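Enquirer: Here's a structure for you.
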Amino acid sequence: MVLEIVKYGDPVLRAKGKPVGEITDDILKFAADMQETMYAANGLGLAAQQVGVALQMTVVDVVPVQEERPSTMTVAGKEVNLADWMPLVLLNPRLEIGGDKINGNEGCLSFPDIHGDVPRASHITVHARGLDGGELNFEATGMLARAIQHEVDHLNGILYIDRMNSAAKAGLGGRLKRLQREGAADPTRGTPRPAKKQPSTRPARATAKVPSEG
């Protein structure tokens, strides 16, 4: 089921997610719905807060932009084929940040059509649980590192605009205020809900629309 993505101004986006405990049928269904929602929105990632649930769960798939914004993923010391591992579902993720910080353009599904440069670490190590309950440990660079940092920020109530420099954020001031008012005025904010229109099939990964991080 495609869920409705909440927009900036909804207080759930500032909520720190609760850890995922037992992996129940409800958790598995929610993870599947999040993946479907991410693909339907042409996103590269999605955090639980973005569909109204303050939970430490995120989904990521950067394969659609591998040519223009490449990534690497290393598991147990060996670089792996990204397509074999995507989409990633990360539960209770923890990051070790490494490498230099690099500015890169980011968008967010909760901030429609708003993009800006955000500094992110070029290399990260990820520790998380998978949907099978097992430990998931890997290293990431490039767009995968950026997308995961963006999503893990969401899980802790941090938004990409918080990482922008003051000049970049000031340039978006008017648009952010309008979006914040609209999100705060939504009477159904903070609750997971189906999208008003649900596609009958998962869209192709590559489309004319520029993908956004979660």
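The values are calculated or read from the model by the stated rules, or taken from the named source; none is laboratory data. Keep in mind that this is a model prediction, so the values were computed, not measured. Note that we place each Cβ from the backbone using ideal geometry, even for glycine, and neighbour counts take in every protein chain shown.
Enquirer: Could you please give the count of residues in the stretch 1-52 that are part of a loop (DSSP other than H, G, I, E, B) and in contact (Cβ under 8 Å) with a residue 24 or more places away in the chain?
Expert: Residues flagged as part of a loop (DSSP other than H, G, I, E, B) and in contact (Cβ under 8 Å) with a residue 24 or more places away in the chain within the stretch 1-52 amount to 19.
Enquirer: Of the residues in the stretch 105-122, how many are of a type in the set (D, E, K, R) and surrounded by fewer than 17 Cβ atoms within 10 Å (Cβ to Cβ)?
Expert: Looking only at that region, the number is 2.
Enquirer: So which of 141, 125, 74 is free of Cβ contacts under 8 Å to residues at least 60 places away in the same chain and surrounded by 14 or more Cβ atoms within 10 Å (Cβ to Cβ)?
Expert: Unique residue meeting the criteria: 125.
Enquirer: Within the stretch 2-44, work out how many residues are on the phi < 0 side of the Ramachandran plot and either in contact with a strand residue (DSSP E or B) (Cβ under 6 Å, 6 or more places away or on another chain) or not aliphatic (A, V, I, L, M) (or both).
Expert: 28
Enquirer: Suppose the filter is surrounded by 17 or more Cβ atoms within 10 Å (Cβ to Cβ), part of a loop (DSSP other than H, G, I, E, B), free of Cβ contacts under 8 Å to residues at least 60 places away in the same chain and not charged (D, E, K, R); does residue 86 pass it?
Expert: yes
Enquirer: Which of the numbered conditions does residue 106 fail, given that it passes all the others? Conditions: (1) under 27 Å from residue 182 (Cβ atoms); (2) under 16 Å from the mean Cα position of the chain (by Cα); (3) part of a strand (DSSP E or B); (4) without any contact (Cβ under 8 Å) to a residue 60 or more places away in the chain.
Expert: (4)
Enquirer: Every residue in the stretch 11-32 that is over 14 Å from the mean Cα position of the chain (by Cα) and surrounded by 17 or more Cβ atoms within 10 Å (Cβ to Cβ), please.
Expert: If the condition is that a residue be over 14 Å from the mean Cα position of the chain (by Cα) and surrounded by 17 or more Cβ atoms within 10 Å (Cβ to Cβ), then 12, 15, 20, 27, 30 are the ones that fit.
Enquirer: What's the number of the only condition in (1) under 23 Å from residue 1 (Cα atoms); (2) at pLDDT 95 or above that residue 196 fails to meet?
Expert: Every condition holds for residue 196 apart from (2).
Enquirer: I would also like to ask the following. Which one of these does residue 132 not meet: (1) at pLDDT 95 or above; (2) more than 18 Å from the chain's Cα centre (by Cα); (3) in a helix (DSSP H, G or I)?
Expert: (3)
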